[in-house]
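> What follows is a single structure, and I will ask about it in a moment.
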Amino acid sequence: MANRAVLITGAAHRVGKAIALYLAEHKWDVGIHYKGSKQAAEHVAQQAREFGAQVKTYQADLLDPDQATRLIVDFTNDFANAPATDFGSSGSAIERELLLVNSASIYERDRLENLKVDDWHRHLDLNTLAPVLLTKEFTRDAQAKRCVINILDQKVTNLTPDYLSYTVSKYALYGITKMLAMELAPNCRINGIALGLVLRSGDQSEEQFQVEFTNTPLNKGPVVEEICKLISLIAQTRSMTGQIITIDGGRHMVRPVPPYDDFLDN
Ligand SMILES: NC(=O)c1ccc[n+]([C@@H]2O[C@H](COP(=O)([O-])OP(=O)(O)OC[C@H]3O[C@@H](n4cnc5c(N)ncnc54)[C@H](OP(=O)(O)O)[C@@H]3O)[C@@H](O)[C@H]2O)c1
């Protein structure tokens, strides 16, 4: 058993999966959350166990506040305390270092002209409210040291009107990260990582994906290993809270121009 454990939401695939496997390889025990991808989550868990990590999987639909709360209760019951003997000392159980990475998200295209109220609520409920509810339960014990990292998007530092509901949800989470850093200090820290385009989405071809980087100063976006290393760095930097780090190849510095469509139809 490691002396630290992480819960990653949406960890069956893509960015969340990469974070889970990287931290498992670097001596973290891991909670893998999924909503619908049970088989993929179990596969990630198996891969993580091969690094020697203690691993559990958790199913929850984070659009349901009760399921969000239960996820944290189950994770902390499983991982918050380790028998002191596991670390070679005697006495009562030892409180372990716990990290929550809020990565689960929906990312759907809309603009003002085709905005649907349901889509707005789903984005806000999953991308904003769920991380807040998870953080609330995760930091319920005011004495326990906890760390939270919210996965944001470079759009929060370079607003454009496309992906309206998604961008609003991440922009709100950007503000919440700073607000809760004040609220939760001194025992808990909360930070964010704002990502540029990392992985192809939907039915985007590789060619279309590469075109996205022609308008990016470094001609590339972040790779998943950089995201993982940054998560590890934030977890270890105990004087850091309320901070958002953007890794996006410099995309946030590109001045938006009409029609302000971040995801080009190539
Ligand atoms: N990918 C990029 O290029 C990029 C760029 C900028 C920012 N980001 C941010 O990075 C993070 C990860 O991105 P990603 O592309 O890896 O994510 P993703 O593949 O779009 O989604 C991750 C997971 O979210 C889970 N999810 C969806 N609805 C849910 C619900 N109602 N309850 C619980 N979980 C739900 C899904 O789990 P199941 O499969 O188990 O159903 C899914 O696998 C996101 O926060 C995203 O906004 C990504």
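> May I ask which residue of Ile245, Ile106, Tyr58 lies farthest towards the positive end of the charge dipole of the chain, with charges of +1 (Lys, Arg) and -1 (Asp, Glu) on Cβ and the Cα centre as origin?
The one lying farthest along the dipole's positive direction is Ile245.
> Separate question: Karplus couplings for the stretch 161-175 from phi (6.51 cos²θ - 1.76 cosθ + 1.60, θ = phi - 60°), rounded to Hz, Gly and Pro as x?
So the J values, rounded to whole Hz, are x, 7, 6, 4, 5, 4, 5, 4, 5, 6, 5, 5, 5, 4, x.
> Under a GNM of the chain (C-alpha, springs under 10 Å), which listed residue has the highest mean-square fluctuation: His123, His26, His252?
His26
> Could you work out how much longer the chain between Leu112 and Thr157 gets when fully extended? Use 0.36 nm per residue separation minus the Cα distance between them, nm to one decimal.
14.2 nm
> At each listed q (0.07, 0.09, 0.15, 0.18 Å⁻¹), what is the log10 of I(q)/I(0) that the Debye formula gives for the stretch 4-253 modelled as equal alpha-carbon point scatterers?
-0.23, -0.38, -1.08, -1.55
> Please work out how much length the chain gains when fully extended from Gln46 to Gln67, using 0.36 nm per residue of separation minus the C-alpha to C-alpha distance, in nm with one decimal.
Stretched out fully, the Gln46 to Gln67 stretch lengthens by 5.2 nm.
> Moving on. Fewest first, what order do Cys188, Cys228, Cys147 take by the number of other Cβ atoms within 10 Å?
Least to most surrounded, the residues fall as Cys228, Cys188, Cys147.
> Can you list the chymotrypsin sites (Phe, Trp or Tyr not before Pro) in the stretch 173-266 that are in a DSSP coil and have 12 or fewer other beta carbons within 10 angstrom?
Tyr260
> Going by how many other beta carbons lie within 10 Å of each one, how would you line up Ser205, Ser103, Ser169, Ser37, fewest first?
Ranking Ser205, Ser103, Ser169, Ser37 by Cβ neighbours within 10 Å, fewest first, gives Ser205, Ser37, Ser103, Ser169.
> Counting only residues 5 or more places away or on other chains, whose amide H sits under 5 Å from the amide H of Arg189 once H atoms are built in the peptide plane?
Arg146, Cys147, Val148
> Tell me, which longest segment in the chain has none of the trypsin sites (Lys or Arg not before Pro) that fall in DSSP loops with at most 12 further Cβ atoms within 10 Å?
Counting only loop sites that pass the neighbour cut-off, the longest clear stretch is 117-237.
> In the stretch 16-86, which GluC sites (Glu not before Pro) fall in coil by DSSP and have 13 or fewer other Cβ atoms within 10 Å?
Glu50
FYI, it's all coordinate maths here, none of it is from the lab. Because the structure is predicted, anything quoted here is derived from the model rather than measured. Please note: Cβ atoms are built from the backbone with ideal geometry, for glycine as well, and neighbour counts cover all protein chains shown.
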